[in-house]
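Beneath this line is the structure, given in structure tokens, with notes to follow.
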């Protein structure tokens, strides 16, 4: 296994100059935003081929797209160059579908091919970034939700929609993400294709809390928001890794450029981790997994009775210990410790007992650290028991510090 050494992580803007991008536009009132996105891409030096569905002409003329892109718009399958979809699909470094209507999403999900955009999509060999746009009722309809899940399962990268006033006069989800935000996501996705210190390697990260059911409406959990784990997943992506995120219940959207597996209980997280463990090079267990669960789960809602209710709790599976017992010599295992007393002593004990290569310690006594904050303050302890302390930082910067240490361990 080859690892890059001496890497310094930076969050500089990725240069898209010379990148070949398909901008696929479907028939939506939001199609005007595609013109702004096209301008951003061209200003950054990208080569852009615009592809449209027939309905786009009701909203934006082809002249706007062709003038800005410097290329003829590909909008029909029955002209002289009817097979251009193959050439375009194999030419590009990235395909952006923005806006992607409910109709276009459904056809993409089921492999239909009755227009130029769909033909290019099916011929594309590059990553595909999809930015949905539609009315709120259409966006939350079960069929649209299923189509988005299907497209994500194919490896497409689905962007969230905005929430606000819509063309129908309603207010809710379904607004097309703003052009500058789509551009930023395209930069990230293109950057992932470049050689990085974790290029070609797989990283599994757990995040968020777990929930242990008491009855159909109640559960035991904790205050974890998942922000630290999600920041780690995004940093791993920027380093070129193929990332699997196993997430407990959070209010955070699925990161668009990685595989996100949603679970609830500690047992479900245990099963998800072990189902993917053998293929991983690095495992980072940042989730706040519940240590106990109710011995019995009531089938019906427990009605209010006397002044007291007694729950019998039993231990959940210790996921971190089980991974430590099973991990290969060439797998790197990182654990987390959130402490309130004897912090470093307890973290060292966990490092030794659970056979970790690195443990990330944070204390609830540190202001701005721990659950629910956008910041964190950590101490890193490696398997040689070398201790490195860091000041309070934004969680994205904390994720960089953790991966910087991981890369140092791998290089040594």
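Computed from the coordinates by the stated procedures, all read-outs in this text should not be read as laboratory data. Please read all numbers here as calculations on a predicted model, not as lab measurements. A quick note on method: Cβ atoms are made from the backbone with ideal geometry, for glycine too, and the neighbour counts reach across all protein chains shown.
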**Prompt:** Quick one: helix 266-276 against the long Cα principal axis of the chain, what's the angle to the nearest 10°, folded into 0 to 90?
**Reply:** 60 degrees
**Prompt:** Shape of the range 128-259 from its Cα gyration tensor (a ≥ b ≥ c, root eigenvalues): rounded if a/c is under 1.5, otherwise prolate when a/b > b/c, or oblate?
**Reply:** oblate
**Request:** Can you put 271, 171 in order of Cβ neighbours within 10 angstrom, beginning with the fewest?
**Result:** 171, 271
**Item:** Helix 31-43 vs. the chain, principal-axis angle (Cα, 0 to 90°, nearest 10)
**Value:** 80 degrees
**Request:** Between 320, 358, 112, find the one with the highest GNM mean-square fluctuation for the chain; connect C-alpha pairs within less than 10 Å.
**Result:** 112
**Asked** Given 10 °C and 1.306 mPa s, how large is the Stokes-Einstein diffusion coefficient of the range 20-192 in µm²/s, with Rh as the Kirkwood radius over Cα pairs?
**Response** 100 µm²/s
**Prompt:** On a 0 to 90 degree scale, rounded to 10, what angle separates helix 343-353 from the longest Cα axis of the chain?
**Reply:** 80 degrees
**Message:** If I model a spin label at residue 149 and residue 314 as a point 7 Å from the Cα along the Cα→Cβ vector, what separation in nanometres do I get?
**Reply:** 3.0 nm
**Request:** Go ahead and estimate [θ] at 222 nm for the chain from helices alone: -39,500 (n - 2.57) per DSSP H run with n ≥ 4, summed, over the residue count, rounded to 500.
**Result:** -9500 deg cm²/dmol
**Request:** Would you indicate which of (1) 26.3, 104; (2) 21.3, 63; (3) 24.0, 81 is the value of Rg and Dmax of the Cα atoms in Å derived from the coordinates of this structure?
**Result:** (3)
**Prompt:** Kirkwood Rh, the range 364-412, all Cα pairs: how many Å?
**Reply:** 11.5 Å
**Alpha carbon Rg of the range 239-367, scaled by the compact-globule rule 2.2 N^0.38 Å** = 1.25
**Prompt:** Could you put 322, 412, 363, 247 in order, starting from the residue whose Cβ has the fewest other Cβ atoms within 10 Å?
**Reply:** 412, 322, 363, 247
**Prompt:** Out of 58, 201, 274, any idea which swings most in a Gaussian network model of the chain, alpha carbons joined below 10 Å?
**Reply:** 58
**Message:** Tell me whether the range 273-326 comes out rounded, prolate or oblate; compute the Cα gyration tensor, take square roots of the eigenvalues as a ≥ b ≥ c, and use a/c under 1.5 as the rounded threshold.
**Reply:** prolate
**C-alpha center-to-center spacing [the range 280-324, the range 213-259] in angstrom** = 18 Å
**Fill in**
Descending packing, highest mean Cβ count within 10 Å first, for 61-71, 96-106 is 96-106, 61-71
**Prompt:** If you build a Gaussian network model of the chain, linking Cα atoms that sit under 10 Å apart, which residue out of 140, 282, 182 swings the most?
**Reply:** 140
**Prompt:** When a footprinting reagent is the concern and you count Cβ atoms within 10 Å, what order do 238, 262 take, fewest first?
**Reply:** 262, 238
**Fill in**
Restricting to Cα pairs under 8 Å and 6 or more apart, the percent relative contact order of the chain works out to 12 percent
